[in-house]
Amino acid sequence: SKQSSLGLYLTMNIYHGQHGRSLRLRGLDATNSNAEERAIVMHPAEYVSESRSYAGRSWGCTALDPAVSDRVINRIQGGALMLVER
């Protein structure tokens, strides 16, 4: 669907993956309970730009402007709650 699953997520650990420094997410609702198995994570993406107010489409991951991704990931890693809604 190229859309993030709605619902509540728990932030987990940082890891270095295909998109660089990323954050694992655990889905806490029925709408996103397969997030870990599907490798739905938060990661930087060149197609997201906060300065241009533009976000391209990921394959379900929460994508961040690379200019702010490290700050956001550092701040919310390891147990923060994140709500994804329309």
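The values are calculated or read from the model by the stated rules, or taken from the named source; none is laboratory data. Remember, predicted model here, so these are calculated numbers, not experimental data. Remember, those area values only see protein heavy atoms, side chains included, never the ligands or the DNA or RNA. Shrake-Rupley method; radii C 1.70, N 1.55, O 1.52, S 1.80 Å.
With the convex hull constructed from alpha-carbon coordinates only, the chain shows a mean projected area of 5.2 nm² over all directions.
Solvent exposure of the chain, expressed per residue, is 65 Å² of accessible area, with all protein chains present and a 1.4 angstrom probe.
By accessible area, using a 1.4 Å probe on protein heavy atoms only, the chain has 48% of its surface on carbon and sulfur. Might you work out the accessible area of residue 47 for me, using a 1.4 Å probe with all protein chains in place, and round it to the nearest 10 Å²? Around 70 Å² of this residue is reachable by solvent.
I want to verify a result. In a Gaussian network model of the chain, Cα cutoff 10 Å, which of these has the top mean-square fluctuation: 27, 60, 17? Maximum fluctuation in the GNM of the chain, among the listed residues, is at 17.
Ordered from longest to shortest, the equivalent ellipsoid semi-axes for segment 1-44 are 18, 11, 8 Å, each the square root of 5 times a Cα gyration tensor eigenvalue.
Considering segment 38-81 at the alpha-carbon level, its Rg and Dmax are found to be 10.7, 30 Å. 3J(HN,Hα) couplings calculated from phi for segment 28-34 with the Karplus curve 6.51 cos²θ - 1.76 cosθ + 1.60 (θ = phi - 60°) are, in sequence order, 10, 10, 4, 6, 9, 5, 9 Hz; Gly and Pro show x. Normalising the average separation of contacting C-alpha pairs (under 8 angstrom, six or more residues apart) by the number of residues puts the relative contact order of the chain at 38 percent.
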